[in-house]
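Undergrad: Structure in structure tokens, see below.
The values are calculated or read from the model by the stated rules, or taken from the named source; none is laboratory data. Keep in mind that this is a model prediction, so the values were computed, not measured. Neighbour counts are summed over all protein chains in view; Cβ atoms, including those assigned to glycine, are modelled from backbone coordinates with ideal geometry. Ligands, DNA and RNA are stripped out before the accessible areas are found, and what is left, the full protein with its side chains, is counted by its heavy atoms. Shrake-Rupley method; radii C 1.70, N 1.55, O 1.52, S 1.80 Å.
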Amino acid sequence: MAPPRSKVSQPGRALAALFIAIAALAGLMFWQGQTTPKLALDLAGGTSVTLTAVTEKGKTPPSSQMNQAVAIMRNRVNGLGVSEAEVAKQGNNVIVVQVPGQGQSRVVGLIGTTAKLQFRQVYAETAPGPVAVPAPSSSPSGKATSTPSPGASTTPSSTPSAKTSASAAPSTTPKGRALSQALTAPTPTPTGSAAPGPTVTPAPATPAPATPAPAGSAEEKAALDQFQKADCSRKGTKLAGASDDKRQWVAVCDQDGKAKYLLGPVRVQGEQIASATAQPPNVQQGQVAWSVSLTFKKQGADQFYNVTRDAYAAYQKDPSSPQRQVSIVLDGQVVSAPEITRGAIGGGNAQIDGPPQSFTQQYATDLANVLNYGALPLEFKQSAIESVSPTLGKDQLTAGLLAGAIGMGLVVLYCLMYYRGLGFVAIASLVIAAAITFLSVVLLGKLINFRLSLAGIAGLIVAIGITADSFVVYFERLRDEVREGRSLRSAVERGWERARRTVLVADAVSFLAALVLYIVSIGTVRGFAFTLGLTTLIDVAVVFLFTKPMVTGLSRMSFFSRGHPMSGLDPRRLGAKSTVSRATGTTLTKEA
């Protein structure tokens, strides 16, 4: 009876594919310039920042909000990669974030960013410096502006005051900013028809979900006064109350220090964003900078459609009206204020972009990350930033590597004593698995910021047993077939068919355990789970692409096929029911 045909009929092909993959990984490692694994906080130290919650009158923040802030910060850390950063609450109002590696101020700042996003319609825009604005009752054209009574029905298109004019400088609209594909074409910069500076012109009355404050209210006057006096020329300036979503009227500075705005009520909250994704420049559409693509929830999609509809109505009535703009306010600063000139935007999708010098790949990726996990429920200030020394250091790292070397040595010794010649296949499998694991850890450090901690090293040491278990299962199945009196070539294929399912089931259980542990754990335990899952996948690849093809190739050599005593497959030593004569190749019946 002919032996079953192997699925790997040409073992050389599988081995060639494996070595080509290893060579490609090694080449990629040298190409990206990182040739050693990144180390985690316990082995390499890092940066520690203390964040203190800012509350009204210094009150103690609610415990639920502090716990929510910790959870959001951890999600942001995970969004940046498996870096094993630590986020912990201390006391009632302090959160300490420790990030592996030196010079991590960017990551620390991103974690502590409030990320409160708002969409508001623009009512006035001017240069960033202080301006002299006429009294609210006057207007450049001499036209009176109607003032709704407190009980009257109003819309966001109503102005917070009469038309205002900036006599200090003409209005400037930041260029290159867009919200969707419908906004790529620039429109004329608002200059006003009767006087230099921005002109606030009422848009047609349209239904809207929000109602502005009555003209002449204390809040309106305060916002208008703040808008006149504010100096936003310094980049990063935040005005008081700019991020307060309860205020109907706010004065807000441009993120780049190029303009300042008087904005109406919040029309869409950041909580209505379902997902945010960083997008590379689309040259075909004329984009030269990165952007962030937004997808709204159902309610947010309706609200966004309404505000863009109102802005487009204002543009149709007066193309120079600042109300044609919808501002995107992030943490009290205007990120962009695109002009709605091609109609209301429906469908629940939008896009935030800006000039190339500010909307870099890093900025777009960071912005998308914080928007995906929502805004922090509290505002935090950085109380202290300091470098952290490694808690374990070189001695513990050396001890961990030594433990791994001892474990590997014991496995090698066992394989040579028990499996003899076949043990060299096991040793080679371990070496191949170690090489792929090393290359993977180095590359993942560059790609997803994976850092190797002592717990992660423990996961790699445990993986030695997982890899050894796989070839032990196969080798024992192979020896069982030889004991049944089959030739080695037949035993190789039949043993593989019986062992393959066992190997896959065992690795699947190990991988699922690692996956569950990674999901439910935090801190360094996640590093252990990550390396355990990674090495389990590598074990499957090594067994299928190296161990099995190697045994298939060796079975064609007379040293193994004839059952040499040192091969580990000697039928007599294994107690086979029948043996194959090494001299004649004839089958002999085992003596009773």
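Undergrad: Could you check the range 375-387 and list, in sequence order, the residues that are modelled with pLDDT under 80 and surrounded by 18 or more Cβ atoms within 10 Å (Cβ to Cβ)?
TA: A375
Undergrad: Here is a check on your reading of the model: is D539 free of Cβ contacts under 8 Å to residues at least 12 places away in the same chain and surrounded by 15 or more Cβ atoms within 10 Å (Cβ to Cβ)?
TA: Criteria not met by D539.
Undergrad: I would also like to ask the following. Do you know which residues across the range 27-76 are among the hydroxyl-bearing types (S, T, Y) and either within 20 Å of K116 (Cβ to Cβ) or open to solvent by 30 Å² or more (accessible area, probe 1.4 Å) (or both)?
TA: T35, T36, T50, T52, T55, T60, S63, S64
Undergrad: Quick check on the range 33-71: of everything there that is farther than 30 Å from T398 by Cα and of a type in the set (G, A, S), which residue is modelled with the lowest pLDDT?
TA: G58
Undergrad: Can you name every residue in the range 250-266 that is closer than 17 Å to D302 by Cβ and either of a type in the set (G, A, S) or open to solvent by 10 Å² or more (accessible area, probe 1.4 Å) (or both)?
TA: Once the filter is applied, which keeps residues that are closer than 17 Å to D302 by Cβ and either of a type in the set (G, A, S) or open to solvent by 10 Å² or more (accessible area, probe 1.4 Å) (or both), the range 250-266 yields only V266.
Undergrad: Hey, can you tell me all the residues within the range 314-330 that are surrounded by fewer than 20 Cβ atoms within 10 Å (Cβ to Cβ) and among the charged types (D, E, K, R)?
TA: Scanning the range 314-330 gives K317, D318.
Undergrad: Another question, then. Let me confirm something: among E386, E484, which residue is in contact (Cβ under 8 Å) with a residue 60 or more places away in the chain and under 28 Å from A71 (Cβ atoms)?
TA: E386
Undergrad: Please state which one of T535, T524 is in contact with a Ser or Thr (Cβ under 8 Å, 6 or more places away or on another chain) and modelled with pLDDT of 90 or more.
TA: Sole residue among the options that is in contact with a Ser or Thr (Cβ under 8 Å, 6 or more places away or on another chain) and modelled with pLDDT of 90 or more: T535.
Undergrad: Still on this structure: Taking the range 341-393 on its own, how many of its residues are touching a strand residue (DSSP E or B) at 6+ places or on another chain (Cβ under 6 Å) and β-branched (V, I, T)?
TA: Selection size over the range 341-393: 4.
Undergrad: Out of the residues in the range 547-567 that are more than 12 Å from R489 (Cα to Cα) and open to solvent by 10 Å² or more (accessible area, probe 1.4 Å), state the one that is modelled with the highest pLDDT.
TA: Here the residue is M550.
Undergrad: While we're looking at this one, here's another question. Return the residue satisfying two criteria in turn: it lies in the range 345-354 and is assigned to a loop (DSSP other than H, G, I, E, B) and surrounded by 24 or more Cβ atoms within 10 Å (Cβ to Cβ), and of such residues it is modelled with the lowest pLDDT.
TA: G354
Undergrad: Can you name every residue in the range 542-559 that is without any contact (Cβ under 8 Å) to a residue 40 or more places away in the chain and outside any helix (DSSP H, G or I)?
TA: Hit for the range 542-559 is M557, nothing else.
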